[in-house]
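*Asks:* For reference, the structure I am asking about is given below.
The values are calculated or read from the model by the stated rules, or taken from the named source; none is laboratory data. Everything numeric here is computed off the predicted structure, so don't read it as measured data. Backbone-built Cβ (ideal geometry, glycine too); neighbour counts: all protein chains shown. For the accessible areas, the whole protein counts, side chains as well, though only heavy atoms, and no ligand, DNA or RNA atoms are used. Shrake-Rupley method; radii C 1.70, N 1.55, O 1.52, S 1.80 Å.
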Amino acid sequence: PPPRDRCWHDGTQFCYSWEENAELRISLEPPGVPGTECYGVCWTPLRPDVALKDCFSMANVSWYGGPSVRAQRWPLNGAQSPSQPFVTGDFGTNPGGFGPVLDRSFLGSTGVTVTVAPDVPLLLSLESHQHFCLETPAGQEEPLRYLLCVSANVAAAQRHLGTPPVGMARGPPDTALLGSPMWRYQGPEGSAAKIRRGLRSLVRRLKRHRLQEGVVVLGERGTTVLAAQDQVPSERRERQEVALVEPLELSITLSPYASITSPLFLQSLQHGQPTGYWLSRRPRPGGTSIPLLTSWKGHLCARLNVTSEAALTWYLARARRLQQALGASYLIFEGVEGNSFLEQDVPPPKELGGDEYTRVLATALATLGNGTIIISAGASSSHLPLFIQMSPLRSDWSHAGLKGLIPSVLHYSLLGYNFFIPDSVGGSVAGDSTGDPELFVRWLQIVTFLPVMAFGTPPWLCCDSWVVNLTRQCIEKHRDFVVPLLLKHSQEWQRLGHPIFRPAWWLSPTDPTAFTVEDEFLIGDEVLVAPITEKGQRWRDVYLPGEGHLWLDTSSARVFDGGTTLRNYSASLAEVPVFIK
């Protein structure tokens, strides 16, 4: 039957009802900022078997925000994903799922924003270049609620989205890490003695190549092996471990998982009931709950119960003790992403619906150190003083590799996660171009302009002395030129919510050409970086945003008009085009 308007008499809302199917209510809402119109949209199913699905066209509209996806695109229009729960995930275990950073807001190039209410159980599907769809699970009779706002243009809409809520304080993490390159330890991990020898060898080589600064990163397995050495008194152990990497600093890696055969899991049983410390299935009436077992790095594991204050206190205290015992300056927490219940088709408890696990754990970890914590995921946590580790990328030139790096940078920063650590230079997942010196150089040139420079394969293993010298120069440029820029614009982010790394449309919000530029980025409003992301290429087209502005090429000192495209602009292997407004 045709819909009926049930609130025609009310000038601020209207309601359409389709008998026995669903009701739609649209209401005029107070705008967050002047010049913006906002509407509350609420679909309510009237039968349990009714599933709600609301789609937004990608025809002539570029969309940003939402989820991170494997082979990240900018805009989101080129992404493809079946309908699935809108929760963070790990591309390593679920390549077709969503990634470790997402937000319930979508931003359109026409100045439209769509923000889904945080308590709505949400499914999302992406159909490349056609539409994206918001859905609610069938059988739950849950309403689909979102706020739809219209601003003058896409930049004005982003400023509306990024405005910090009243009372929410934003703070950067420890900015000392910004100027410190990270060197991932990839040596033997069979025993504590082998790890110590491997760490000393890495530091000696870094000194030999005059790269003796930054942080040595020990993975979770290496951290576990060193943590098991309990026979040495803690004060003496701390001196030993610190001496291993001097003059560099040490970072160790933990996760909220414990193998059911590990000493950590067995020790927890002595301190409290297993169902209190670890996520558990709901028991049947009169039954006993058992831990919800899941897989982590090939092991059958239990996962920390973040809803238990006792479990969180125990876990955080253990992390502090380990950090002190090993003399680590930084702590990395992997495995923060994902909903363990949904992964096993088990209905989650209400307090752990959606990405509540990630949000609660991130909030707790932020209390550990003075901004020295690095976590693997973000959901409603961009205001916390944490670094976010980006997803691993393939060692190739595709969007799953180098071409996906700048779209990921723009995506993370748009969602408020400006203090991210990119994947290792050259990529950490084996690909078609593993060990390719040209790929290493082009990757290095981009990472120079990001918050932290991270290395897996050292430059002397993949490349010749020219690349080693270039690495040294890039580290100096990052420290002397880029870090001061980031510190300057981080104040603007704290005050206004503006991203530090900005797309071309930030300065050209009405130019359709700017909406699809995915291989350039701005730092604030003043520096434009336009790297090479194609193998063998020694030139590229450069879009200069901002009609009426002037741009200075830092290499040639030539000046160009904004709002124009430079065709076939030269960029040798030693160069990356950088312009100052």
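*Asks:* Can you find, within the range 537-581, the residue that is nearest to the chain's Cα centre (by Cα) among those that are hydroxyl-bearing (S, T, Y) and closer than 14 Å to V527 by Cβ? Let's see the steps before the verdict.
*Replies:* If we filter the range 537-581 for residues that are hydroxyl-bearing (S, T, Y), which is where we start, we get 543, 554-556, 564-565, 569-570, 572.
From what's left, closer than 14 Å to V527 by Cβ: 554-555.
Values: T554: 30, S555: 32 Å.
By that ranking, first place goes to T554.
*Asks:* In the list V150, V116, which residue meets the criterion of being under 30 Å from A22 (Cβ atoms), out of contact with any Lys or Arg (no Cβ under 8 Å at 6 or more places or on another chain) and not polar (S, T, N, Q)?
*Replies:* Details: V116 fails: out of contact with any Lys or Arg (no Cβ under 8 Å at 6 or more places or on another chain).
Just one listed residue meets the conditions, V150.
*Asks:* A further question follows. Whether any residue in the range 324-339 is surrounded by fewer than 19 Cβ atoms within 10 Å (Cβ to Cβ), farther than 15 Å from A366 by Cα, touching a residue at least 40 places away in the same chain (Cβ under 8 Å) and touching a strand residue (DSSP E or B) at 6+ places or on another chain (Cβ under 9 Å) is what I want to check.
*Replies:* Going residue by residue through the range 324-339, those that are surrounded by fewer than 19 Cβ atoms within 10 Å (Cβ to Cβ) are 324.
Still in the running and farther than 15 Å from A366 by Cα: 324.
Then keep just the ones that are touching a residue at least 40 places away in the same chain (Cβ under 8 Å); that gives 324.
So of that shortlist, the ones also touching a strand residue (DSSP E or B) at 6+ places or on another chain (Cβ under 9 Å) come out as none.
No: the range 324-339 contains no residue that is surrounded by fewer than 19 Cβ atoms within 10 Å (Cβ to Cβ), farther than 15 Å from A366 by Cα, touching a residue at least 40 places away in the same chain (Cβ under 8 Å) and touching a strand residue (DSSP E or B) at 6+ places or on another chain (Cβ under 9 Å).
*Asks:* Yes or no: the range 529-545 includes at least one residue that is hydroxyl-bearing (S, T, Y) and closer than 24 Å to Y64 by Cβ.
*Replies:* Looking only at the range 529-545, we keep the residues that are hydroxyl-bearing (S, T, Y), and these are 533, 543.
Next, from what is left, pick out any that are closer than 24 Å to Y64 by Cβ: 533, 543.
Taking every residue of the range 529-545 in turn, at least one turns out to be hydroxyl-bearing (S, T, Y) and closer than 24 Å to Y64 by Cβ.
Yes/no per residue for (1) modelled with pLDDT of 95 or more; (2) not assigned by the TED database to the domain that holds P484; (3) not aromatic (F, W, Y):
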| site | (1), (2), (3) |
| --- | --- |
| S408 | yes, no, yes |
| S413 | yes, no, yes |
| D432 | no, no, yes |
| F440 | yes, no, no |
| F449 | yes, no, no |
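*Asks:* A follow-up question, please. Which of the residues belonging to the range 135-157 are in contact with a helix residue (DSSP H, G or I) (Cβ under 9 Å, 6 or more places away or on another chain) and in a helix (DSSP H, G or I)?
*Replies:* Just the residues of the range 135-157 that are in contact with a helix residue (DSSP H, G or I) (Cβ under 9 Å, 6 or more places away or on another chain), to begin with: 149-151, 153-155.
Across the range 135-157, the qualifying residues are V154, A155.
*Asks:* Turning to a different aspect of this structure: Filter the range 551-581 down to residues that are of a type in the set (S, T, Y) and in a loop (DSSP other than H, G, I, E, B), then give me how many there are.
*Replies:* Here is the first cut: in the range 551-581, the residues of a type in the set (S, T, Y) are 554-556, 564-565, 569-570, 572.
Pick out the ones that are also in a loop (DSSP other than H, G, I, E, B) and you get 554-556, 572.
Matching residues across the range 551-581 total 4.
*Asks:* Name the residue, out of G416, G456, G431, that is touching a residue at least 24 places away in the same chain (Cβ under 8 Å) and on the phi > 0 side of the Ramachandran plot. Steps first, answer last, please.
*Replies:* Working: G456 fails: on the phi > 0 side of the Ramachandran plot; G431 fails: on the phi > 0 side of the Ramachandran plot.
Sole residue among the options that is touching a residue at least 24 places away in the same chain (Cβ under 8 Å) and on the phi > 0 side of the Ramachandran plot: G416.
*Asks:* Right, here's the next one. Filter the range 508-539 for residues that are more than 16 Å from S109 (Cβ to Cβ), of a type outside the set (S, T, N, Q) and open to solvent by 10 Å² or more (accessible area, probe 1.4 Å) and give the result. Talk me through it step by step, then tell me what you get.
*Replies:* First, the residues of the range 508-539 that are more than 16 Å from S109 (Cβ to Cβ): 519-539.
Checking which are of a type outside the set (S, T, N, Q) leaves us with 519-532, 534-536, 538-539.
Within the range 508-539, D519, D525, E526, E534, K535, G536, R538, W539 qualify.
*Asks:* Looking at L126, L122, L144 in this structure, which one is touching a residue at least 24 places away in the same chain (Cβ under 8 Å) and either surrounded by fewer than 19 Cβ atoms within 10 Å (Cβ to Cβ) or under 14 Å from G65 (Cα atoms) (or both)? Quick ask: steps written out before the conclusion?
*Replies:* Working: L122 fails: either surrounded by fewer than 19 Cβ atoms within 10 Å (Cβ to Cβ) or under 14 Å from G65 (Cα atoms) (or both); L144 fails: either surrounded by fewer than 19 Cβ atoms within 10 Å (Cβ to Cβ) or under 14 Å from G65 (Cα atoms) (or both).
The unique qualifying residue is L126.
*Asks:* On to the next question. Checking the condition free of Cβ contacts under 8 Å to residues at least 24 places away in the same chain and touching a His at 6+ places or on another chain (Cβ under 9 Å), which residue from D525, D480, D561 passes?
*Replies:* Details: D525 fails: free of Cβ contacts under 8 Å to residues at least 24 places away in the same chain; D480 fails: touching a His at 6+ places or on another chain (Cβ under 9 Å).
Just one listed residue meets the conditions, D561.
*Asks:* Kindly check whether there is at least one residue in the range 86-95 that is touching a residue at least 24 places away in the same chain (Cβ under 8 Å), open to solvent by 30 Å² or more (accessible area, probe 1.4 Å) and at positive phi.
*Replies:* Among the residues of the range 86-95, not one is touching a residue at least 24 places away in the same chain (Cβ under 8 Å), open to solvent by 30 Å² or more (accessible area, probe 1.4 Å) and at positive phi, which makes the answer no.
*Asks:* May I ask you to list pairs of residues, at least six apart or on different chains, whose Cβ atoms are under 8 Å apart, with the first in the range 17-38 being without any contact (Cβ under 8 Å) to a residue 60 or more places away in the chain and the second being part of a loop (DSSP other than H, G, I, E, B) and among the hydroxyl-bearing types (S, T, Y)?
*Replies:* Sorted first by the residue in the range 17-38, then by its partner, the pairs are S27/T12; L28/T12.
*Asks:* Is it true that L444 is in a helix (DSSP H, G or I), touching a strand residue (DSSP E or B) at 6+ places or on another chain (Cβ under 7 Å) and not assigned by the TED database to the domain that holds D541? Please lay out each step first, then the result.
*Replies:* Working: in a helix (DSSP H, G or I): yes; touching a strand residue (DSSP E or B) at 6+ places or on another chain (Cβ under 7 Å): no; not assigned by the TED database to the domain that holds D541: yes.
Spelling it out, it is not the case that L444 is in a helix (DSSP H, G or I), touching a strand residue (DSSP E or B) at 6+ places or on another chain (Cβ under 7 Å) and not assigned by the TED database to the domain that holds D541.
*Asks:* Right, something else. Among the residues of the range 447-469, which ones are outside any loop (DSSP other than H, G, I, E, B) and over 11 Å from V425 (Cβ atoms)? Outline the logic, then answer.
*Replies:* So the first thing to find is which residues in the range 447-469 are outside any loop (DSSP other than H, G, I, E, B), and the list is 447, 454-455, 459-462, 465-469.
Correct list: W460, L461, S465, W466, V468, N469.
*Asks:* Hey, another quick one. Any residue at all in the range 267-290 that is closer than 26 Å to V216 by Cα and touching a Ser or Thr at 6+ places or on another chain (Cβ under 8 Å)? Even if it seems obvious, please write down each step before you answer.
*Replies:* Initial filter on the range 267-290 (closer than 26 Å to V216 by Cα): none.
Scanning the range 267-290, I find no residue that is closer than 26 Å to V216 by Cα and touching a Ser or Thr at 6+ places or on another chain (Cβ under 8 Å), so the answer is no.
*Asks:* Can you pull out the residues in the range 461-482 that are open to solvent by 40 Å² or more (accessible area, probe 1.4 Å) and closer than 18 Å to R184 by Cβ? Explain how you work it out, then say what you get.
*Replies:* Within the range 461-482, the first condition is being open to solvent by 40 Å² or more (accessible area, probe 1.4 Å), and the residues that meet it are 461, 464-466, 469, 473, 476-477, 479-481.
Selection gives L461 alone.
*Asks:* Next question. Would you please list the contacts, defined by Cβ atoms under 8 Å and residues six or more apart or on different chains, that run from a residue in the range 174-197 that is in the same structural domain as V245 (by the TED database) and in contact (Cβ under 8 Å) with a residue 24 or more places away in the chain to a residue that is β-branched (V, I, T) and open to solvent by 40 Å² or more (accessible area, probe 1.4 Å)?
*Replies:* Note: pairs meeting the criteria are Q186/T457.
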